[in-house]
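Student: Mind looking over this structure? Questions follow.
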Amino acid sequence: MNNRPKIGLLLDFAASGSFSSRPHYALRTLYFEAIWRAGGLPIAVPYIADAIDSYLQLCSGMILPGGFYPFPAHLYGRMPVEEDTVHPRFAYEIRLLDGILQKNIPVLGVCAGMQAIAGSQGATLYNNIREETDSTLDHLNGNPAEQTAHGVRIIEGSLLHRIVQSATLQVNTAHNESLKTVPDGVIVNAVADDGIVEGIELPGQRFCLGVQWHPEFFAVPGNPHFWLFEALVAAASESDRAPS
């Protein structure tokens, strides 16, 4: 297929680790496979500041993936201190996201990617669900991500509800942070039994969806989690066909 819409995948970043003792990009292959399987052409997006406009022109859709990295102090409702530094991923991600929303490019945020979308609109986060809320669910679950951990309630009438065609969904979980406040203009589309926000969307955008879980681990045809990737690719295809 030569008409596959190009879907940008923001790479994650590590200063050091098992892959290299030097700074490097990394991202699970599952994201790339899910996009290809859904009919898109995955494009890796590194943190090259001068290339943001080029990537936004090249890609008809974007994925902001999961990742364990600290957000700026203001997203936790704290005043920044002089020694604070902004993590390289967030510094790039927030600029990329600004362009995505300005150009109305379809975007799917996964886990930290969802939190970044919400944060760009003025949301604040709990830094530690277990310490800062009354939740009894283990959201930072140590089981393999291929296993579901708890259910979420899907809000009727939401974009997410139209995609998964169900009022509930079993999800995996691997997050220590969650949304504390939800600003006007951000729609909550999924909630766990303990009240933790599990999904959001921006109704003013062509397609802007965020989920707190990791659907890439269940991205096989016929699975409702896979339908998220199919919906993103379909929205990107429509964006390609829309008059400029």
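Student: Regarding segment 65-88, can at least one residue be identified that is part of a strand (DSSP E or B) and surrounded by 13 or more Cβ atoms within 10 Å (Cβ to Cβ)?
Tutor: Checking segment 65-88: not a single residue is part of a strand (DSSP E or B) and surrounded by 13 or more Cβ atoms within 10 Å (Cβ to Cβ).
Student: Please note which strands (runs of 3 or more DSSP E) are completely contained in segment 5-63 and include at least 3 residues that are surrounded by fewer than 18 Cβ atoms within 10 Å (Cβ to Cβ) and free of Cβ contacts under 8 Å to residues at least 24 places away in the same chain.
Tutor: 24-26
Student: A further question follows. Can you pull out every residue in segment 17-69 that is of a type in the set (V, I, T) and closer than 26 Å to N176 by Cβ?
Tutor: Result: T29, V45, I63.
Student: Which one is nearest to V191 (Cα to Cα) among residues in segment 122-151 that are in contact (Cβ under 8 Å) with a residue 60 or more places away in the chain and touching a Leu at 6+ places or on another chain (Cβ under 8 Å)?
Tutor: I129
Student: For segment 97-110, name all the residues that are crowded, with 22+ Cβ neighbours inside 10 Å, among the aliphatic types (A, V, I, L, M) and not in a strand (DSSP E or B).
Tutor: L97, I100, I105 - these are the residues of segment 97-110 that are crowded, with 22+ Cβ neighbours inside 10 Å, among the aliphatic types (A, V, I, L, M) and not in a strand (DSSP E or B).
Student: In addition: Please determine, by comparing only the residues of segment 185-244 that are under 16 Å from the mean Cα position of the chain (by Cα) and among the polar types (S, T, N, Q), which one is surrounded by the fewest Cβ atoms within 10 Å (Cβ to Cβ).
Tutor: Looking at residues that are under 16 Å from the mean Cα position of the chain (by Cα) and among the polar types (S, T, N, Q), I get Q205.
Computed from the coordinates by the stated procedures, all read-outs in this text should not be read as laboratory data. This is a predicted model, so every value here is computed, not measured. For neighbour counting, all protein chains shown are included, and Cβ atoms are generated from backbone atoms with ideal geometry for every residue, glycine included.
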